[in-house]
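Peer 1: One structure follows; several queries about it will come next.
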Amino acid sequence: MKKRYFMLMLLSFICVYFFSGINQTEASGDMIEGEKAADFTLKTVDEKVIKLSDFNGKVVVINFWTTWCAYCQEEMDELIKFSGETKSANVELLGVNVTSAENNIQAVSQFVKGLHLPFHIALDVKGEVSKQYQVLGIPTTYIIDGKGIVRKKILGPVTSEMLKNVISKLE
């Protein structure tokens, strides 16, 4: 009886593992490196309208994050540092808060004001942009060149050095 139960559990585990992998593969139609980045329009924390196409001709770093993500909180210092170090360069940093996953917009506003973030923070209230960019985990960062081509997708937290290294290879 124990052997039969063990075999049933093992078979169940294998099936779950196998089928979950198929679903992830089907769902991971990522913005592919080398392809044109999808344009989008979002409102910022300070109620301005921002489009990705506003930054044509610049390298754009898009960082998807939430306030409750510990890794996102930790990487904010690195993003602030990166923003300061690339201010004179032809580089734009855009934080996209996955607001659809937040408790409320006020929490996002307080978080941004508390850190005095020196870069744009757009609100993905409906989750459409994060879905379009296939953001399956946060933080997720995209690096887009001046021609609007996706050059790199980074899953997990980034550092200023990591971003500068990727951007230096674009030139």
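Peer 1: If the cut-off is 18 Å between C-alpha atoms, which lysines fall inside it for LYS51, apart from same-chain ones fewer than 8 positions away?
Peer 2: LYS36, LYS43, LYS126, LYS131, LYS147
Peer 1: What does the extension gain come out to for TRP68 and HIS116, with contour length at 0.36 nm per residue minus their alpha carbon separation? Before the final figure, lay out the partial values.
Peer 2: Values: separation 48, 0.36 × 48 = 17.28 nm, distance 1.75 nm.
This chain segment gains 15.5 nm when fully extended.
Peer 1: Would you list, by chain and number, the lysines whose Cα falls below 19 Å from the Cα of LYS87, excluding same-chain residues fewer than 8 positions away?
Peer 2: Cα-Cα hits under 19 Å: LYS58, LYS164, LYS169.
Peer 1: Quick check: the distance between the Cα centres of segment 98-138 and segment 48-90, to the nearest angstrom?
Peer 2: 12
Peer 1: To continue, here is another question. How many percent of DSSP beta bridges within segment 31-168 run antiparallel, rounded to 5?
Peer 2: Numbers: 16 of 27 bridges.
Taking every DSSP beta bridge with both residues in segment 31-168, the antiparallel ones total about 60 percent.
Peer 1: Compute the Cα gyration tensor for segment 59-137, then decide on rounded, prolate or oblate, letting a ≥ b ≥ c be the square roots of its eigenvalues: rounded whenever a/c is under 1.5, prolate when a/b is larger than b/c in the other cases, and oblate in all that remain. Display every interim value, and only then the final one.
Peer 2: On the way: a/c = 1.91, a/b = 1.33, b/c = 1.44.
Oblate is the answer for segment 59-137, as a/c is 1.5 or above yet b/c matches or exceeds a/b.
Since every read-out is calculated from the coordinates, none of them should be taken as a lab result. This is a predicted model, so every value here is computed, not measured.
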